[in-house]
Structures are given as C-alpha cells and as structure tokens.
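Below is one structure; the comments refer to it alone.
The values are calculated or read from the model by the stated rules, or taken from the named source; none is laboratory data. Just so we're clear, the structure is a prediction, and the values are computed from it rather than from any experiment. For accessibility, only protein heavy atoms count, side chains too; no ligands or nucleic acids. Shrake-Rupley method; radii C 1.70, N 1.55, O 1.52, S 1.80 Å.
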Amino acid sequence: MAFDPTKGRSVCPAQSDVELFLALKSGEQAALGLLYDRYASLVYRLALRILVNAQEAEDLTQEVFLHLWQRQSYVPGRGSLSSFLTTLTRSRAIDRIRARNSNVRFLQRWSQAMSSDSSPTPFELASLSQRSEYVQTALVQLPEKQRQVLELAYYEGLSQSEIAARLETPLGTVKSWSRQGLLNLRNHLKMLIE
C-alpha cells in the first residue's frame, strides 16, 4: 500500500483502474505509479510495434502517462483504462510516424533543391537570401534553449543524442526543446511572411 503524505490517504495495488484514476484525479500521485506499473508494458509494446524504435517507444510511453496525469481526459464510463491507453498510444505513435515522414520528405526536397546542377538565377539568389533572413529573424525570437538545439541540429548537423551530450541535458528534454522550437519557428515564420 502506497501512502501519500500530502493527502493523508492511501492507494493500494488491489484497487480497480477506475478507483486509481479517481485517486489520481483527486491529487494522489501514488496512483499514477500503480497505473504505470499496471500498464506501462502494454503501452511500450504497442508503441514499439508501431514505431519500431525502442527509444521512441520509451519516449511515447512516458508521454502517454504524462498525458493521463496532466490532462486526466479518461472517462471511466466510456470504456476501460487499458482501451483508452491503447487508443491514445496508437494515435500518438501514428502522429509520430506522420511527422517523421513529413520531415523526411522535407529533407529530400531540400536536398534535391540544393543539389541542382544549374547555377541559381539572380532572382533565386535574392529569394534564398530573403528566406535566410526570415529564418534568422525567427530564430532570434525563440527561447534560448530551443534556438540552441535547432542551431546545433541544423547548422552543425548534430543528432539529438549528440546535442544532449554536448548540453549535458537529458535526451527527452532535448527532444522536447527541438519539437517546441520547430513549432515556434514555424509560427514566427508564418507571421514574418504574411
């Protein structure tokens, strides 16, 4: 039986999923640990099967349980917790694959554009220069850590693991900064271009 001193109540492994979720919802963080112990392997195995990458599956498992804890969007009357977690995991994994494929297509287009044999016209040079200025302006507006991670990745060509080692920061944090940085960069670029 786990005891949460801040609440004066206790949760135990014998409680049902609904009881543990309601305890979590009322602020008993020990309930999250019990739910994690109960369902982490289910979530991880599904994530691994879809993503085919152990590190991404681990990250997604953490993300799913973080979502359960922070958003508390599970509704017990609509189905079992295992079904909710399975659906959430599948949805998030597919989103990651789509994002991965989108990034690959972007890099392929970028690579093709950069490898064209013909020399650029003055108009293309001016356009490229203007885009470069937009990116630099948008980068300056990002929080320092997000900007630093993006610059290391895109200007120095470092992987996220290499960035984590250089910054002496957990890999998950680097991934989070990178993702947020790209989203913020996109928003800043939209505002600059419009």
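For K190, the aspartates and glutamates whose Cα comes closer than 16 Å to its Cα, not counting residues fewer than 8 places off in the same chain, are E133. Averaged over its residues, region 121-194 has an accessible area of 68 Å² per residue, based on protein heavy atoms and a 1.4 Å probe. Over the C-alpha trace of region 45-161, radius of gyration and Dmax come out as 20.1, 64 angstrom.
Listed by chain and number, the aspartates and glutamates whose C-alpha is less than 14 Å from the C-alpha of K25, apart from same-chain residues fewer than 8 away, are D4, D17.
Apolar share of the accessible surface for region 121-194: 55 percent from carbon plus sulfur atoms, 1.4 Å probe.
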